Amino acid sequence: MQPAELCEDPRAMLAASAREFYRRGWMLGTAGNLSARLPDDSFWITASGRPKDLLTETDFVRVDDEGRVLEAAAMRKPSAETAIHRVIYRHFAEARWIFHVHSVEANLCGHFARDGALRLPPLEMLKGLGVPDAEPEVDLPVFPNLVDVAAIAVRMDAEFARHRPRVPGALIHRHGLTAWGPDAHAARHHLELLEYCFRYLVQARSLALGD
Ligand SMILES: CSC[C@@H](O)[C@@H](O)C(=O)COP(=O)(O)O
Ligand SMILES: [Zn+2]
């Protein structure tokens with residue numbers, strides 16, 4: 001295993017991803033957070049409260065798998081939602097990059113969830129999320145948005161231990177989507193595909209379509 005300092009530094013790619021998501025309206029007003037895991041299981045995560053269109057190298061904090069700060073510029077604290085990233089990294093060995101954003105459509109779709117799950121539309125696009133079924137019946141886990149972020153992470157921990165989601169993502173109701181993948185491109189594709197499903201569901205509802 002390589003020491004963290006010998007690994008490729010993901011901060012420039014994280015900042016570029018954040019600019020792109022900001023441009024799409026998914027990271028407005030400092031919303032959202034992004035992280036990338038290193039081979040030693042530490043990860044770089046966005047510092048809390050930073051404008052996501054203007055991130056520089058100093059807007060990232062490296063934490064270990066217990067959430068302890070290993071590297072940080074002065075005055076920078078890790079994202080308030082670091083506990084959620086830790087849970088995802090702990091449960092999914094293949095998760096190396098995690099993107100969390102706040103879109104309008106994600107927040108509308110939370111209202112369509114039943115019993116902690118949102119049924120995704122049975123679209124060809126689900127193949128990009130690893131679902132090859134002809135008539136897919138796939139649920140995205142949905143969690144309540146508790147004031148205490150650690151309590152959201154506890155709920156995720158329990159749910160992921162009980163049941164592994166079929167798609168690499170989770171929704172927090174009235175909050176936003178988190179998606180992950182083995183590299184930056186895969187994580188972005190998963191995020192885009194789930195956001196596409198959300199847009200589809202909102203438009204299908206407004207047209208009173210069946211799915
Ligand atoms: C616009 S405030 C959003 C925050 O409360 C939170 O949900 C969020 O996504 C960003 O928190 P942060 O601590 O900057 O990573
Ligand atoms: Zn958030």
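The values are calculated or read from the model by the stated rules, or taken from the named source; none is laboratory data. Computed from a prediction, not measured in an experiment: that's the story for all the values here. Please note: Cβ atoms are built from the backbone with ideal geometry, for glycine as well, and neighbour counts cover all protein chains shown. Keep in mind that these areas ignore ligands, DNA and RNA; they rest on the heavy atoms of the full protein, side chains included. Shrake-Rupley method; radii C 1.70, N 1.55, O 1.52, S 1.80 Å.
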Charge dipole of the stretch 4-206 about the Cα centre (unit charges at C-beta), most positive-ward option of 206, 154, 118
206
Let me check against my output: what whole-number percent is the relative contact order of the stretch 28-135, with C-alpha pairs under 8 Å and at least 6 apart?
24
Return the whole-Å distance between the Cα centroid of the stretch 24-86 and the Cα centroid of the stretch 146-165.
20
Rounded, prolate or oblate: which one fits the stretch 64-110, using the alpha carbon gyration tensor with axes a ≥ b ≥ c (rounded when a/c is under 1.5, else prolate when a/b beats b/c, else oblate)?
oblate
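How large is the Kirkwood hydrodynamic radius of the chain, in angstrom, based on all distinct alpha carbon pairs? Don't jump to the answer; show the numbers that get you there.
Values: mean 1/r = 0.0577 Å⁻¹.
This gives a value of 17.3 Å.
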Relative contact order for the chain, counting Cα pairs under 8 Å that sit 6 or more residues apart, in percent:
19
Cβ charges +1 (Lys, Arg) and -1 (Asp, Glu), total dipole of the stretch 4-206, debye:
560
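Within the P(r) computed for the stretch 63-164, what percentage of the Cα pairs occupies the region above 23 Å?
Working: 1915 of 5151 pairs.
Tail of the P(r) past 23 Å holds 37 percent of the pairs.
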To the nearest 10 Å², what's residue 125's accessible area with a 1.4 Å probe?
70
Shape call for the stretch 135-188, from the Cα gyration tensor axes a ≥ b ≥ c (a/c under 1.5 means rounded, otherwise prolate when a/b beats b/c, else oblate), comes out prolate
Which residue, 14, 109, 42, has the largest displacement toward the positive end of the dipole of the stretch 4-206 when charges sit on each Cβ (Lys, Arg +1; Asp, Glu -1)?
109
If you roll a 1.4 angstrom probe over the protein chains with everything in place, what fraction of the accessible area of the chain belongs to carbon and sulfur, to the nearest %?
52
Within the chain, which whole H helices from DSSP have a Cα span along their axis of at least 30 Å and a mean Kyte-Doolittle hydropathy of -1.0 or more, if any?
184-206
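Ranked from the most accessible area to the least, with a 1.4 Å probe and all protein chains present, what is the order of 114, 50?
On the way: 114 155, 50 70 Å².
Descending accessible area places them as 114, 50.
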Leaving out ligands and nucleic acids, note down the accessible area per residue over the stretch 76-169 with a 1.4 angstrom probe, in whole Å².
50
Please list the non-local residues whose amide H lies under 5 Å from the amide H of residue 140, H modeled 1.01 Å from N, same-chain partners needing a gap of 5 or more.
118, 119, 120
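Mind checking the stretch 2-106 for GluC sites (Glu not before Pro) that DSSP puts in a loop (not H, G, I, E or B) and that have at most 13 other Cβ atoms within 10 Å? Before the final figure, lay out each step's value.
Details: sites: 5, 8, 20, 57, 66, 71, 81, 94, 105; in loops: 8, 66, 81, 94.
Those satisfying the criteria are 8, 66, 94.
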